[in-house]
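Read the figures in this text as sums done on the coordinates, not as results from a lab. Computed from a predicted model, the values in this text were never measured in an experiment. Cβ placement follows ideal geometry from the backbone for every residue including glycine, while neighbour counts extend to all protein chains displayed.
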Amino acid sequence: MNAIQTAVAAVTAAASLAAFSSAEAATATANLNVTANVGGACSIGAGLGGGTLNFGTYDPIVVNSALGSDLFGTGALSVQCTFLSLAVITLGQGLHPAAGSTNAAPLRRMRNTASADYLDYTLYRDVTRLFPWGNTTLTGLPFLGLGVPVPVLVFGTVPRGQNVPAGTYNDTVVATITF
């Protein structure tokens, strides 16, 4: 019987708690402020093709002669910024800038790996090659972050009519993102 008496006592206690009216209960409230700070961040790195703009073969005798055409190339960077953050991507003058080159108007050159000869080239922010890509806020590329990696294309031109010896020409340009 002891178990029956304990069960009855428990049911009676539960019933009396249920009968406890809300008029007899008291409550209080408080606000809990919850905050977070999302920092703006960006990263820039090699894009498609490993961060290389490969112009291919320059033919100073026929195709790219003074009467021929310019040589075009396209490379890519990979850029990721915090969603809706604003940034500017700039490109340096390269390792072998010509005399008179500035950050706002770079005169970039690739150097022959076997001699002191140079092959001029220009980098652009747009496929129409109307806007040279420099190393200042005004000559850089404005960028709006999407929160995911985005390929950013770099358009290049090697002007026709350069009388240079055969060989491999290269340069390194530093890409910077300011946010």
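Whenever a residue of region 86-112 is among the hydroxyl-bearing types (Ser, Thr, Tyr), its partners that are buried (at least 19 other Cβ atoms within 10 Å of the Cβ) and assigned to a loop (DSSP other than H, G, I, E, B), lying with C-beta atoms within less than 6 angstrom and at least six residues away or across chains, give the pairs Thr90/Asn135; Thr90/Gly140; Ser101/Gln93. Within region 50-82, the set of residues being in contact (Cβ under 8 Å) with a residue 24 or more places away in the chain, assigned to a loop (DSSP other than H, G, I, E, B) and among the β-branched types (Val, Ile, Thr) comprises just one member, Thr82. Among the residues of region 115-171, write down those that are among the aliphatic types (A, V, I, L, M), under 20 Å from Ala46 (Cα atoms) and surrounded by 15 or more Cβ atoms within 10 Å (Cβ to Cβ). Correct list: Leu123, Leu141, Val150, Val152, Leu153, Val154. For region 121-163, filtering for residues that are in a loop (DSSP other than H, G, I, E, B), in contact (Cβ under 8 Å) with a residue 60 or more places away in the chain and within 23 Å of Ser65 (Cα to Cα) leaves 5. Looking only at residues that are under 15 Å from the mean Cα position of the chain (by Cα) and part of a loop (DSSP other than H, G, I, E, B) in region 36-49, which one is nearest to Asn163 (Cα to Cα)? By that ranking, first place goes to Gly47. When region 50-84 is limited to residues that are under 11 Å from the mean Cα position of the chain (by Cα) and either of a type in the set (Asp, Glu) or more than 16 Å from Pro132 (Cα to Cα) (or both), the one that is surrounded by the most Cβ atoms within 10 Å (Cβ to Cβ) turns out to be Cys81.
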